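The values are calculated or read from the model by the stated rules, or taken from the named source; none is laboratory data. Note that this is a predicted model, so its numbers are computed, not measured. Note that we place each Cβ from the backbone using ideal geometry, even for glycine, and neighbour counts take in every protein chain shown.
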Amino acid sequence: MSDVSSDTMMLETPFHSRIEPLCGLNDWGNWMGYTTPNAYFDVELEYFAIRSTTGVFDLSPMNKYRITGPDAEAYLNRMMTRDISRIGTNRVGYAIWCDDAGQLLDDGTIFHLGKNDYRLCAYRRATDWLHWCALGFDVSIVDETDAIAGLAVQGPTSCSTLIAMGLTGLENLKPFGMQNYDFEGETLMVSRTGFTGDLGYEAWITPSKAEHLWDRLFEAGKQFLIKPIGSYALDIARIETGFIQAGVDFVSSEEVIRHGRSRSPFELGLHWLVDFKKPLFNGRKALLAEHQQGSRYRFALLDVDGNKPADHSFILKGDKQVGTVTSAAWCPTAKSNLAFAQIEMPHGAVGDQYIAEIYYQRELHWTRVLAPCTVIDGPIFNPSRRRKTPAVAF
Amino acid sequence: MTDYDALVIGGGHNGLVCATYLAKAGKKVVVLEARDTLGGCASTREFTPGFKVSDCAQWLHQLAPQIIKDLKLEQYGLAYSARNLPTIALGQDGSHLTLAGNVVNGAGISSSDQAAYKTFHHKMLKYANLLRKAYQRRPPKLVDSNWADRLTLVKLGLGMKFMGRDDMSDFMRIILINIYDLMKESFDNPLLQGAVSVDAVLGTAMGPRSPNTVFTYLHRLVGATYGYQGVSQVTGGMGMIGQALAGSAQNEGVDIRATAKVANINLDGSCVEGVTLENGERVNAPLVISNVDPVTTFTSLLGLQNIETGMARRVSQIRNNSGTAKLHLALNDLPQFTGLTDEQLGHRLIIAPDMNYIERAFNPIKYRECCSAPVLDISISSVNDSTLTSPGKHVLSALVQYAPYSPVGGWHQHKQAFTNVVIDLISQYAPGLRTQIVASELCTPADLEQDYGMTGGQWHHGELTMDQVLMMRPFPGCSQYASAVDGLFLCGAGTHPGGNVMGLAGSNAAAEVIKRGNPT
């Protein structure tokens, strides 16, 4: 892995030889130094592959760290705001971590591989922070980013596709569970996780088997209308299901330069990931104070009138600006125009109504729309197949 | 179960001062000391049969008068065998320079240097006065400051402003620079330049050309603003300060336990609960005040895994290099120093012929090597104090600047040779010294670390540099004696205003503990 392509400065993922010919639009993005497709052939059709059949997304650039040693669990428990001991073996947990000021550094998933053996998948490079956190702990931290290739296989026919590829019994894997399979003599680890809010899996393998995995997956998925998807399609899916994204909906407090621009978990609607029953974790003292004194902002999921995505909009209450939009999309399955906003307290309660000030351009002509919007509770797209075990076959 | 209202770890002078002020405020306090004697670095020890010596700090020049008064230390045994002793900078040719207050004489000093020293001394005292005011209260916070903090800052600012425009701008000019440049522009006499530079670098791991050494000079000079004209010698050695403080503490109802080494600070959830001693005994108190250096407190006693990462990171970044060792000699007769009278032998003797000499002594410790000609601050304490040894015999102690903390190959390889280097050096000024030596002892920075529990053997529990003073001492977020751990406070030299036997860290910490009230 980490081959630098001949004509750019970008790194290529282990799936690149398969992705490049499929990327008809030749629309590439930079994901943490790796060249990855924004779109392959048509963003909307890619999106509908996620929702109607199977979409495959290359998530190899995701930063992966292996954390082992006698103090691994204690170490993660001090670092993360949630109680790590509640993530069972062969289970995956979503987690966030903060600095001492209770400001969000990043979010990610923790794979509990065995006793005191974890893999952390993080959006940002985290080597320095992970090592600072290791002061006082007996742990080993190994960057596995280059050593593991990963594909997200998401959508209603994803389970059928993977079973057709030979992953017998996969239908019985519960959400956030993981299971190992033999794949041509190597271990293929499959977790029932994803960033789409749908039935879906993530498959992890050594880079030398990456191309074979891609080939066999697409061969098996042909009958289930499998399609590769780029980051634009994934973005619509994650907004539709209410998932925030690091670097978009919040800026890591380590990257923030201007005072006050970082956010706490409470300000992002992540209360459920903060466990004050733990006597110590990074940010606990500051978060406890915030919990008692109140936050500066509230995360609001907005249902916006009309079909113009409220990208970067101001949120108004009368003439007063009370917030800004961080993510927005017209969501085809939910048939809703959704937006995530940061609203100044005390505004932003469920049911509150505001105006989204949306600007858009048609043929060099800028237009402003004042679209009424309502704060809604919970994601609009949340199908039961996402949770059903055994997974529903197609 | 709670045994005490407050528990102080470490019976050094700051710990005892803090404990006594807390007891005066009505708290039930215990002091737990690892060693069998009290006072910490204010200590007297019989290092060889029949010879007692102040075995860490050897001069008193900074103990705050308010503390002496409040704690009635003179009533509890604090006495002086000599006060306001001149400093004599020894010349290699037997022609020495004497500094007393603002007067400097001898060694062919020019009248212009004499006048310049008066002016210099006057100005430096003015600047030290600024520090004195800041030292008497907790350092202000810059972020999230309250009115008291802002008032402190305003007072500091006004204090600078009231010095007048010229003095203020000169203060701003020199406060971050090095003593070498300041000496070069102030005086011509190399012995004078050397003697002032020694006061700037003692106890640090900095040379005269190191930035920040004007600040460390002013730090030392704060004692002069209290009225100390030069150094004083405590009867019975510096350990008597420990005893006087302990006496005062006990009179206020403080329980003092020696040979009670704390192994762990215990937590109940996120609050301190007390400590466990090395023998397994638990002592409980809702307030634990550590006089131990911050690195030891957070790393060994509490454990970095028990604090948040940002704080653990700050602790791991505290700079506490030391460059100071201590030599003790037992002598069967009074040594004869070329060009000194018997009375002058009781004064503070400095070996630092010029600033380059000091810088060359400093250079090797950067590479974990021993120098071949160290800087010395010598006290022949038995000249002024007959209680230290039997009549006719004498003890000499010397601060040896510079010695590496951990020389390449280990101290066991270098200790004897370096001891000889120091003795040979003194012999150049005091021929015949070698034949008078009954016993000798070199305490390296590593020994001082071991004996006094100071990380790095650093006197100040953390280098006194601009990144580690005032609101950044010991580190930002922990500068007002309280730590991020509920109920855990610091009161040692690692906190504002820093080291030397001054006592203000202890009294400021007590004021803060009292102000914050009982933990809920």
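Return yes or no: is B:Ala361 of a type in the set (A, V, I, L, M), more than 14 Å from chain A (Cβ to nearest Cβ), surrounded by fewer than 20 Cβ atoms within 10 Å (Cβ to Cβ) and under 23 Å from B:Gly94 (Cβ atoms)? Judged against the criteria, B:Ala361 is not a match.
Scanning the range A:28-40 for residues that are in contact (Cβ under 8 Å) with a residue 24 or more places away in the chain and either more than 21 Å from A:Ala210 (Cβ to Cβ) or surrounded by fewer than 17 Cβ atoms within 10 Å (Cβ to Cβ) (or both) yields a total of 4.
Taking the conditions (1) aliphatic (A, V, I, L, M); (2) buried (at least 21 other Cβ atoms within 10 Å of the Cβ); (3) more than 21 Å from the chain's Cα centre (by Cα) in turn, A:Leu25 satisfies each one other than (2).
The set of residues from the range A:136-164 being part of a loop (DSSP other than H, G, I, E, B) and out of contact with any Ser or Thr (no Cβ under 8 Å at 6 or more places or on another chain) comprises A:Phe137, A:Asp138, A:Glu144.
Residue check: A:Met9 meets all listed conditions (1) assigned to a loop (DSSP other than H, G, I, E, B); (2) out of contact with any Ser or Thr (no Cβ under 7 Å at 6 or more places or on another chain); (3) surrounded by fewer than 15 Cβ atoms within 10 Å (Cβ to Cβ); (4) touching a residue at least 12 places away in the same chain (Cβ under 8 Å) but one, namely (4).
Among the numbered conditions (1) surrounded by fewer than 19 Cβ atoms within 10 Å (Cβ to Cβ); (2) out of contact with any Phe, Trp or Tyr (no Cβ under 8 Å at 6 or more places or on another chain); (3) more than 14 Å from every other protein chain (Cβ to nearest Cβ); (4) on the phi < 0 side of the Ramachandran plot, the only one that A:Lys317 does not meet is (2). Taking helices (runs of 4 or more DSSP H) as the structural unit, those lying wholly within the range B:403-465 and holding at least 2 residues that are aliphatic (A, V, I, L, M) correspond to B:411-429, B:445-452. Counted as qualifying within the range A:269-335 are the strands (runs of 3 or more DSSP E) with 1 or more residues that are closer than 30 Å to B:Ile307 by Cβ and in contact with a strand residue (DSSP E or B) (Cβ under 9 Å, 6 or more places away or on another chain), namely A:297-304. The residues of the range B:303-335 that are part of a loop (DSSP other than H, G, I, E, B), within 14 Å of chain A (Cβ to nearest Cβ) and buried (at least 24 other Cβ atoms within 10 Å of the Cβ), listed by number, are B:Ile307, B:Glu308. May I ask you to list the residues in the range B:217-243 that are polar (S, T, N, Q) and out of contact with any Gly (no Cβ under 9 Å at 6 or more places or on another chain)? B:Thr225, B:Ser232, listed by residue number.
Among the residues of the range B:271-287, those that are among the small types (Gly, Ala, Ser) and either surrounded by fewer than 16 Cβ atoms within 10 Å (Cβ to Cβ) or assigned to a strand (DSSP E or B) (or both) comprise B:Gly274, B:Gly280. Within the range B:358-379, is even one residue part of a loop (DSSP other than H, G, I, E, B), without any contact (Cβ under 8 Å) to a residue 60 or more places away in the chain and among the β-branched types (Val, Ile, Thr)? No: zero hits.
Answer yes if at least one residue in the range A:237-251 is surrounded by fewer than 18 Cβ atoms within 10 Å (Cβ to Cβ) and either within 14 Å of chain B (Cβ to nearest Cβ) or free of Cβ contacts under 8 Å to residues at least 60 places away in the same chain (or both), and no otherwise. No, there is no match, as no residue in the range A:237-251 is surrounded by fewer than 18 Cβ atoms within 10 Å (Cβ to Cβ) and either within 14 Å of chain B (Cβ to nearest Cβ) or free of Cβ contacts under 8 Å to residues at least 60 places away in the same chain (or both).
Listed conditions (1) modelled with pLDDT under 95; (2) outside the structural domain of B:Val438 (by TED's automatic domain parsing) are all met by B:Asp342, apart from (2). On the basis of being modelled with pLDDT of 95 or more, outside any strand (DSSP E or B) and not assigned by TED's automatic domain parsing to the domain that holds B:Thr387, does B:Gln92 make the cut? No; evaluated as a whole, the condition is false for this residue. If you go through the range B:212-270 and keep only what is farther than 23 Å from B:Ala79 by Cα, crowded, with 24+ Cβ neighbours inside 10 Å and in contact with a strand residue (DSSP E or B) (Cβ under 8 Å, 6 or more places away or on another chain), you end up with B:Val262, B:Ile265.
Which residues, counting only those in the range A:53-109, are touching a Leu at 6+ places or on another chain (Cβ under 7 Å) and more than 30 Å from A:Gly230 (Cβ to Cβ)? Selection gives A:Ile67, A:Arg78, A:Thr81, A:Arg82, A:Ile84, A:Cys98, A:Asp99, A:Gly102. Take the conditions (1) within 14 Å of chain B (Cβ to nearest Cβ); (2) among the hydrophobic types (A, V, I, L, M, F, W, C); (3) in a loop (DSSP other than H, G, I, E, B); A:Leu167 misses just one of them, which is (1). When the range B:288-301 is filtered for residues that are surrounded by fewer than 24 Cβ atoms within 10 Å (Cβ to Cβ) and either within 13 Å of chain A (Cβ to nearest Cβ) or not hydroxyl-bearing (Ser, Thr, Tyr) (or both), the ones remaining, listed by number, are B:Val295, B:Thr299, B:Ser300, B:Leu301.
Screening the range A:265-305 for residues that are on the phi > 0 side of the Ramachandran plot and surrounded by 15 or more Cβ atoms within 10 Å (Cβ to Cβ) and picking the one that is farthest from the other protein chains (Cβ to nearest Cβ) gives A:Gly269.
Among residues of the range B:21-45 that are in a strand (DSSP E or B), those with a beta-carbon under 8 Å from a residue that is at pLDDT 95 or above and of a type in the set (Phe, Trp, Tyr) at least six positions away or on a different chain give the pairs B:Val29/B:Tyr4; B:Val30/B:Tyr4.
If you go through the range B:432-449 and pick out every residue that is more than 29 Å from the chain's Cα centre (by Cα) and under 12 Å from B:Ala325 (Cβ atoms), you end up with 0. Does the range A:356-373 contain any residue that is assigned to a strand (DSSP E or B) and under 20 Å from A:Phe266 (Cα atoms)? No, that holds for no residue. Whenever a residue of the range B:495-520 is touching a residue at least 40 places away in the same chain (Cβ under 8 Å), its partners that are of a type in the set (Lys, Arg) and not in a loop (DSSP other than H, G, I, E, B), lying with C-beta atoms within less than 8 angstrom and at least six residues away or across chains, give the pairs B:Asn500/B:Arg220. The set of residues from the range B:383-410 being free of Cβ contacts under 8 Å to residues at least 40 places away in the same chain and more than 22 Å from B:Gly207 (Cα to Cα) comprises B:Ser386, B:Pro391, B:Gly409, B:Gly410.
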